[in-house]
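Asker: Submitted below is the structure of interest, expressed as structure tokens.
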There are 2 protein chains.
Amino acid sequence: MSENKFSVIGKPQIKVDGTELVTGSAIFAGDLRFPGMLYGYAARAGVPAGKLKSVDVSKAVAVEGVVDVITSENIGGPNLMGIMPPFDQPVIAKGEIRYAGETIAFVVAESKRIAKKAALLVEADIEAYEPVLTVEEALADGARKIHPDGNVTFTRKLIKGDTAKGFEEADLILEDDFETSFQEHAYIEPEAVCVVPSGDNRLTVYASCQSPYHLRGQIAANIGLPMSKIKVIQAYTGGSFGGKDDVAAEIGILAGVAALRSGKPVMVAHDREESIIGSNFRHAIKIHYKTGLKNDGTITAREVKLLLDGGAYASESPFVVMKALIHAAGPYKIPNVFVESTAVYTNKTYAGAFRGFGVPQVTFAAESQLQEAADRLGLDALAIRRKNALRPGDATATSQVLNESVGIVQTIDAVGKRAAEIAAGSEDEADEQYLYGTGYASLIQGISNGAEGIDVVGASVQMSQDGSVLVGTGLTELGQGSRTVFAQIAAEVLGVPLDRVTARLVDTDSVHDSGATVASRATTTGGMAVFKAATEVKSSLLQMAALMFKTEAENIVLKEGFAVLVFDETARIPIPDVATAAYWTGFPLMNMAFSKAPDADYDHDTHQGKIYIAYNFGTHMMKIRVEKSTGKVEVLSHIASHDVGKVINPLGLTGQVEGASLIGYGLGHMEKIEYENGIIRNPNFADYAVPTIMDRIPTEVISVEEFNSTGPFGAKGVGEPPVAGATASFVNAISDAVGIRFRKIPVTRQDIMLALRNRGNQEE
Amino acid sequence: MSENKFSVIGKPQIKVDGTELVTGSAIFAGDLRFPGMLYGYAARAGVPAGKLKSVDVSKAVAVEGVVDVITSENIGGPNLMGIMPPFDQPVIAKGEIRYAGETIAFVVAESKRIAKKAALLVEADIEAYEPVLTVEEALADGARKIHPDGNVTFTRKLIKGDTAKGFEEADLILEDDFETSFQEHAYIEPEAVCVVPSGDNRLTVYASCQSPYHLRGQIAANIGLPMSKIKVIQAYTGGSFGGKDDVAAEIGILAGVAALRSGKPVMVAHDREESIIGSNFRHAIKIHYKTGLKNDGTITAREVKLLLDGGAYASESPFVVMKALIHAAGPYKIPNVFVESTAVYTNKTYAGAFRGFGVPQVTFAAESQLQEAADRLGLDALAIRRKNALRPGDATATSQVLNESVGIVQTIDAVGKRAAEIAAGSEDEADEQYLYGTGYASLIQGISNGAEGIDVVGASVQMSQDGSVLVGTGLTELGQGSRTVFAQIAAEVLGVPLDRVTARLVDTDSVHDSGATVASRATTTGGMAVFKAATEVKSSLLQMAALMFKTEAENIVLKEGFAVLVFDETARIPIPDVATAAYWTGFPLMNMAFSKAPDADYDHDTHQGKIYIAYNFGTHMMKIRVEKSTGKVEVLSHIASHDVGKVINPLGLTGQVEGASLIGYGLGHMEKIEYENGIIRNPNFADYAVPTIMDRIPTEVISVEEFNSTGPFGAKGVGEPPVAGATASFVNAISDAVGIRFRKIPVTRQDIMLALRNRGNQEE
């Protein structure tokens, strides 16, 4: 990290919302209580595919304490939801069942217990179909069409150069199949939304959600109210990772219909089973990689085919298709690239947004294959990555020339240096009890929406007459620390201590529609919006201070809570005094800024062009040991180096990298939704293994700061990228340790034991 | 009214919040319920003056269900409140009692019933002083000082020309004393505030209030939190009229302290008695007028002395002193004016803001004396007013030259024309049972804060992708219809039907500190802010539509819900389509504007200069009959003509004029707080007479529209001015009917009967 000329930026800051989170005073959506509140619970199909002939709710209605049972007939609007076209998902199934967790009726009762009891009495007459359970089945000739237009949800190609020519130039060509599993978001807090008729002919929606504006729009459309009649307030949100967008909308619509019908507040708070069977997953992907290299490690060509299992509905499959497509070539300068990426419908729970958004899956495959190439060519793991790594002036696989903020080489070198230090300090690794392995992986991940659509954020900064500051944005705090980052930016610009700044949760009434908090864009585009708004308020303060000092505004700086004369730093006026004077003189002390990331500009047939405003680059090293007798994995060290442009909050950055890495580690090692005939067999945390605090890995973060002109103070996002780095470095480490190449994740203890047994058999 | 070129502006619109108000679904602050909510009730001094030696709360604390009893020791901050300097009022009395309704302790309990019961057990050791009960006593030599600096709260002079010379030129000089009484605001909904610890280390304050920003600032200061940690949301407010500023702050601070100490929501909802004894009144004023006139009615000089009884604390007395001072000369061109206006402390409930703000009292006196002059000079009531009335290019008593929007002559002529029509249609008025009388009055009232301070308003306008619009401002809806006006302005600018626009209640987080909703400034400055914000959003829509039409923005208009090509009005794109396209193209669809009224600029010693940005002018005629046997008054007709610049909502305007007139009628005829040794003897609506719906007077509104360039579409405010017109025309009418001049208001039935008896005695 470079020398820091800032007061608040770049210094470790405890989360501004940390106190209420650790003391338990933070109010989550499911904690809310209102007089007369009702509770909703969904009756679900229970079969993965079939014709829904009728739904009989009479027994449910008869249960004492049941207030309403809502069927598809009762949805005022189109009964369709979705984050993006094709909006193919009914809120309540009508006519056809496409996955087992689909809602067929929604019971509203005086307590959740009653609602759940009654939901079990809803009877559906379903003529079961043979479910379509794999992407291959879905694409087979004559396959039953899950949707009228067939089973291909979305498909796109990336074409750069001439891969045939590239393979001709190669000395080594590897061609392999890889596979990943569905991953559950597994946030601590399941989904919860409470819709309250607020007495002003409007509805107030309190939600644990990722995209309050999506929620507003989808509720409005489906209950037939103008969007301006709905106010969404984000409640404290205990994790989201992409998961609380679709599902929040689904339960928000249901609660909204119920609230409108009953005139009472309606709460829907999922329990864990609902959270798993009724919510989307990370896409399981069938991956084919073919890479050509010269003997010196230079990659000459890469061909990739991706088949994403999108489950029953589109959700964000189209975006994930694109993101996987764009990142499949990795952080490397490869002249010839061809990628085909296709999402397919199956009769399973739909897949959608999940931290990393397709990039972890392709990075795992790409870096596995690259590592195998290095091994075959006898090249050093980091050297082969360094040789191919993008440098300023180079073009990505989409032919986007990167002129700044290209720190991949620096992350490779940082990891190399630290790895050498660790190696120097460690004992000989061979022993009887354990197998040791080391894995490396490098990655690229686009920041901001880029190809996926417009990236706009609204932010407001309000200084009160006492000099305290309130920051609001349209982006959600999901645990990632964005409120702290936004508060820091405002504090830095306005020259006040961080504890004078409050960053609030989203209220859709207050800030410009800012889309979804996705794509690692909060710090970048969101931070720019806060920066702009704060700079306007700063301008008012400087003008006022100039009047008070009888000088020009450019002779004044704001720092340490004072307006200070640059010529004579002992001449200082407390900012509260400046703010009070500014108010009474008529200088505005609040500004709402609008920040728009530069547009993507590319050919949609080939995905050649400018896609993202900036890219995060990273290199990970993971060192593990495996207990031979049990297959138990222990991560001995994990180094994650990322080029983040500029560190805003070192503590928050560490938290983001640690958290994302643990999700990546779970994806690589543990997590797997298990289906049996289209029914999820492990819808709980006893049977679905997710890393707990006991599985925490010793992540060490090394930041690289290559200035990014599209972000505040040069920063760029880091929320998603470490997932890919951790998954890929883990798989390379375990493959190294066990001595065989794993091409399907997760690589579980069972898989390891099986591999060890096979190896033992072979060795015997 | 001029011909209307607008779609929404100038057309009668039902209040946008009418539905919830008449159906009862609107949620008022006192209706709110939160889990674990506590209730506060104040123990009050009960004696008007004394040394507060100690307060014993032990018996109150011991009551079952009492959670906390707060004394002055427990206020974290300075324990001082007030809207403006000198901030001389403690939240909880300490050391000294200055009026009987003063809070000495605040009981917090599980129910209001328990809190009230316990409050009666609070014991105070008070060494009673002889109370200072009149302004004369307060100003007498050797009077006990109610505050350390003495008993004069605030005093100012207005000096124009040379009154001695002016009186020399006069043919007739009248010199009289007048007197007005304390008037209670008497809103339907008493004061209520609920403070909720909102789980995010902030407090959310739901309040029936006039000035959410004052509330925020005063709570913050007194509980020791930064202002940014407090969010004030205005609840539906059932009237305020100036009254819910100080008192909302007082109970907000108490509830805030209690909420912070208990960690629980705390409700304070006044009952009627608390609302009367614990809240401020309209100032009772001792008024001395001396007016010189020529035989043709030309006013040559006017001298006025005002002694305002401000009660125990300053509240807004300084502003009322100034407002009364500035308006004492009336809407006339008078070359020589001298006014001295002084507010005085007494041991009574403090006086503060009340619709009209000093203008009704001086207008009553001025117009009484002018009528008497007209009678003595044998001049027609309207002719004498017309002769002296300000015309464009004339200077006011503050020497402010008015170049536009000076419609006083037009209101006189409008009333004259209508009065003639009424007279032509009415029977001979002499009969046995009734006495008949007609009164006229003209008035001027400055719009916006003017001399009283900065006038800034923030407003936000947000169009959603469905083309619906949300408008927010920092000004409160108190029943006056400002939400409707703001919605109309946004609808007009954006070319959408009014039902696509929602105007929301104030949330201090969302909009720039807009000060208090006072001084008839909402439509003017507030409307300008909405106009500006909507115009920015319109600009985005026009730019987008220009791209869609492949033309320039200036070739497009927004109307009837469409973007329409001016060359070919059949070419139209629905605004929702334009909005959606604009969002996805990156044109901002929300704007927060800041509107600042032009500054006042005047000499503080003489009040000569530019004071207000615009003035409302009005002329009223009231025709009454008095039943001889009972003194019962019946208003036969009431014509209220006002120059409002431009009518935004004729229905709302009528409501405002009717409501203000009824308050003025109450002030003139009925309302009077009665003290006995400093104790209020009529703290309820059985004993304090306030006009009910049965006393409604048949107000007929005639609008004059003289364009005002400082308001939206030329509009200027009308919230307060009719009060003065109704009071003054009533007093002239009753004086005409009874045949003696009443110089003290209210002129009650008792006063009328007494006067009739005296007249009878004289006649006998």
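Asker: Criterion first (β-branched (Val, Ile, Thr) and over 23 Å from B:Ser482 (Cβ atoms)) does B:Ile680 satisfy it?
Answerer: Judged against the criteria, B:Ile680 is a match.
Asker: Can I ask one more? Between A:Ser54, A:Ser7, which is away from chain B (no Cβ under 11 Å), in contact with an Asp or Glu (Cβ under 7 Å, 6 or more places away or on another chain), small (Gly, Ala, Ser) and part of a loop (DSSP other than H, G, I, E, B)? Working first, answer last.
Answerer: On the way: A:Ser54 fails: part of a loop (DSSP other than H, G, I, E, B).
Step by step, each of A:Ser54, A:Ser7 is checked, and only A:Ser7 is away from chain B (no Cβ under 11 Å), in contact with an Asp or Glu (Cβ under 7 Å, 6 or more places away or on another chain), small (Gly, Ala, Ser) and part of a loop (DSSP other than H, G, I, E, B).
Asker: If you don't mind, there's one more thing I want to ask. Name the residue that is nearest to A:Glu273 (Cα to Cα), counting only residues in segment A:687-714 that are assigned to a loop (DSSP other than H, G, I, E, B) and among the polar types (S, T, N, Q).
Answerer: Let us first name the residues in segment A:687-714 that are assigned to a loop (DSSP other than H, G, I, E, B), namely A:687-692, A:696-698, A:705-711.
Subsequent filtering for residues that are among the polar types (S, T, N, Q) retains A:692, A:708-710.
Working: A:Thr692: 18, A:Asn708: 43, A:Ser709: 44, A:Thr710: 42 Å.
By that ranking, first place goes to A:Thr692.
Asker: Can you find a residue that is buried (at least 24 other Cβ atoms within 10 Å of the Cβ), out of contact with any helix residue (DSSP H, G or I) (no Cβ under 7 Å at 6 or more places or on another chain) and without any contact (Cβ under 8 Å) to a residue 60 or more places away in the chain anywhere in segment B:319-342?
Answerer: Taking every residue of segment B:319-342 in turn, at least one turns out to be buried (at least 24 other Cβ atoms within 10 Å of the Cβ), out of contact with any helix residue (DSSP H, G or I) (no Cβ under 7 Å at 6 or more places or on another chain) and without any contact (Cβ under 8 Å) to a residue 60 or more places away in the chain.
Asker: On the basis of being surrounded by 24 or more Cβ atoms within 10 Å (Cβ to Cβ) and over 23 Å from A:Asp200 (Cβ atoms), does A:Gly242 make the cut?
Answerer: yes
Asker: Looking at B:Arg418, is it of a type outside the set (Gly, Ala, Ser) and either closer than 25 Å to B:Tyr289 by Cα or touching a helix residue (DSSP H, G or I) at 6+ places or on another chain (Cβ under 8 Å) (or both)?
Answerer: no
Asker: Please determine, by comparing only the residues of segment B:497-532 that are touching a Phe, Trp or Tyr at 6+ places or on another chain (Cβ under 9 Å) and closer than 26 Å to B:Arg572 by Cα, which one is surrounded by the most Cβ atoms within 10 Å (Cβ to Cβ).
Answerer: Here the answer is B:Val530.
Asker: For segment A:569-581, indicate whether the set of residues that are buried (at least 17 other Cβ atoms within 10 Å of the Cβ), assigned to a strand (DSSP E or B) and of a type outside the set (Asp, Glu) is non-empty.
Answerer: So far as segment A:569-581 goes, yes, one or more of its residues are buried (at least 17 other Cβ atoms within 10 Å of the Cβ), assigned to a strand (DSSP E or B) and of a type outside the set (Asp, Glu).
Asker: Let me ask you something else. Restricting the search to segment B:494-527, which residues are away from every other protein chain (no Cβ under 11 Å), more than 20 Å from the chain's Cα centre (by Cα) and among the hydrophobic types (A, V, I, L, M, F, W, C)?
Answerer: B:Leu494, B:Leu498
Asker: Taking segment B:386-428, which residues are surrounded by 15 or more Cβ atoms within 10 Å (Cβ to Cβ), more than 23 Å from B:Leu325 (Cβ to Cβ) and among the aliphatic types (A, V, I, L, M)?
Answerer: Hits for segment B:386-428 are B:Val409, B:Ile412, B:Ala414, B:Val415, B:Ala419, B:Ile422.
Asker: Pick from segment A:697-720 the residues that are small (Gly, Ala, Ser) and out of contact with any helix residue (DSSP H, G or I) (no Cβ under 6 Å at 6 or more places or on another chain): which of them is surrounded by the most Cβ atoms within 10 Å (Cβ to Cβ)?
Answerer: Among those residues, the one meeting the criterion is A:Ser703.
Asker: Under 9 Å by Cβ, and 6 or more places apart or on different chains, what pairs join a residue from segment A:450-466 that is facing chain B (nearest Cβ under 7 Å) and without any contact (Cβ under 8 Å) to a residue 24 or more places away in the chain with one that is crowded, with 22+ Cβ neighbours inside 10 Å and of a type in the set (A, V, I, L, M)?
Answerer: As it stands, the answer is none, since no pair meets every condition given.
Asker: Starting from segment A:572-598, keep only residues that are facing another protein chain (nearest Cβ under 7 Å) and more than 19 Å from B:Leu589 (Cβ to Cβ), then list their pairs with residues that are of a type in the set (Lys, Arg) and not in a helix (DSSP H, G or I) whose Cβ atoms are within a distance under 9 Å, requiring at least 6 positions of separation or different chains.
Answerer: So the pair list comes out as A:Gly586/B:Lys596; A:Pro588/B:Lys596.
Asker: Please determine whether any residue of segment A:533-553 is closer than 30 Å to A:Ala353 by Cβ, assigned to a helix (DSSP H, G or I), modelled with pLDDT of 95 or more and out of contact with any Leu (no Cβ under 7 Å at 6 or more places or on another chain).
Answerer: For segment A:533-553, residues closer than 30 Å to A:Ala353 by Cβ, assigned to a helix (DSSP H, G or I), modelled with pLDDT of 95 or more and out of contact with any Leu (no Cβ under 7 Å at 6 or more places or on another chain): present.
Asker: Looking only at segment B:721-757, filter to residues that are buried (at least 23 other Cβ atoms within 10 Å of the Cβ) and hydroxyl-bearing (Ser, Thr, Tyr); which one of those is farthest from the chain's Cα centre (by Cα)?
Answerer: Here the residue is B:Ser729.
Asker: Just for segment A:429-449: of the residues that are buried (at least 18 other Cβ atoms within 10 Å of the Cβ) and small (Gly, Ala, Ser), which one is farthest from the other protein chains (Cβ to nearest Cβ)?
Answerer: Only one residue fits best here, namely A:Gly437.
Asker: Let me ask something additional. Given the structure, is A:Phe34 surrounded by 13 or more Cβ atoms within 10 Å (Cβ to Cβ), part of a loop (DSSP other than H, G, I, E, B) and facing chain B (nearest Cβ under 9 Å)?
Answerer: For A:Phe34, the condition - surrounded by 13 or more Cβ atoms within 10 Å (Cβ to Cβ), part of a loop (DSSP other than H, G, I, E, B) and facing chain B (nearest Cβ under 9 Å) - is met.
Asker: Out of segment A:690-740, which residues are basic (Lys, Arg) and under 19 Å from A:Ala522 (Cα atoms)?
Answerer: Within segment A:690-740, A:Lys716 is the sole residue that qualifies.
Conditions tested, residue by residue: (1) outside the structural domain of B:Ile611 (by TED's automatic domain parsing); (2) outside any loop (DSSP other than H, G, I, E, B); (3) among the charged types (D, E, K, R); (4) over 22 Å from B:Gly678 (Cα atoms).
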residue: B:Ala312; (1), (2), (3), (4): no, no, no, no
residue: B:Leu325; (1), (2), (3), (4): no, yes, no, yes
residue: B:Ile334; (1), (2), (3), (4): no, no, no, yes
residue: B:Thr342; (1), (2), (3), (4): no, yes, no, no
residue: B:Pro360; (1), (2), (3), (4): no, yes, no, yes
residue: B:Gln371; (1), (2), (3), (4): no, yes, no, yes
residue: B:Leu379; (1), (2), (3), (4): no, no, no, yes
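Asker: For segment B:394-445, which residues satisfy the criterion of being in a loop (DSSP other than H, G, I, E, B), modelled with pLDDT of 95 or more, hydroxyl-bearing (Ser, Thr, Tyr) and on the phi < 0 side of the Ramachandran plot?
Answerer: The answer is B:Thr396, B:Thr398.
Asker: Right, next: Looking at B:Gly668, B:Gly655, B:Gly645, can you tell me which residue is out of contact with any Lys or Arg (no Cβ under 6 Å at 6 or more places or on another chain), buried (at least 21 other Cβ atoms within 10 Å of the Cβ) and not in a strand (DSSP E or B)?
Answerer: After applying the criteria, what remains is B:Gly668.
Asker: If you go through segment A:269-301, how many residues are in contact with a helix residue (DSSP H, G or I) (Cβ under 8 Å, 6 or more places away or on another chain), assigned to a strand (DSSP E or B) and not β-branched (Val, Ile, Thr)?
Answerer: The number of residues fulfilling the criteria is 8.
Each row is one residue, and each column tells you yes or no for (1) surrounded by fewer than 24 Cβ atoms within 10 Å (Cβ to Cβ); (2) away from chain B (no Cβ under 14 Å); (3) over 23 Å from B:Ala235 (Cβ atoms).
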{"position": "A:Gly199", "(1), (2), (3)": "yes, no, no"}
{"position": "A:Ala207", "(1), (2), (3)": "no, yes, no"}
{"position": "A:Ser211", "(1), (2), (3)": "no, no, yes"}
{"position": "A:Ile230", "(1), (2), (3)": "no, no, no"}
{"position": "A:Gly238", "(1), (2), (3)": "yes, no, yes"}
{"position": "A:Gly252", "(1), (2), (3)": "no, yes, yes"}
{"position": "A:Gly256", "(1), (2), (3)": "no, yes, no"}
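Asker: Could you tell me which residue of segment B:221-239 is farthest from A:Val501 (Cα to Cα), considering only residues that are outside any helix (DSSP H, G or I) and aliphatic (A, V, I, L, M)? Step through it out loud before you land on a result.
Answerer: Start the filter on segment B:221-239 by keeping residues that are outside any helix (DSSP H, G or I), which leaves B:224-226, B:230-239.
Restricting the remaining residues to those that are aliphatic (A, V, I, L, M) gives B:225, B:230, B:232-233, B:235.
Details: B:Leu225: 12, B:Ile230: 12, B:Val232: 17, B:Ile233: 20, B:Ala235: 26 Å.
In this case the residue turns out to be B:Ala235.
Asker: May I pose another question? Which of the residues belonging to segment A:595-635 are over 30 Å from A:Met753 (Cβ atoms), out of contact with any Phe, Trp or Tyr (no Cβ under 6 Å at 6 or more places or on another chain) and in a loop (DSSP other than H, G, I, E, B)?
Answerer: A:Ala597, A:Pro598, A:Asp599, A:Ala600, A:His604, A:Asp605, A:Thr606, A:His607, A:Tyr612, A:Ile613, listed by residue number.
The values are calculated or read from the model by the stated rules, or taken from the named source; none is laboratory data. Predicted model only: the values in this text are computed from it and were never measured. No Cβ is skipped: glycine too gets one built from the backbone with ideal geometry, and neighbour counts run over all protein chains shown.
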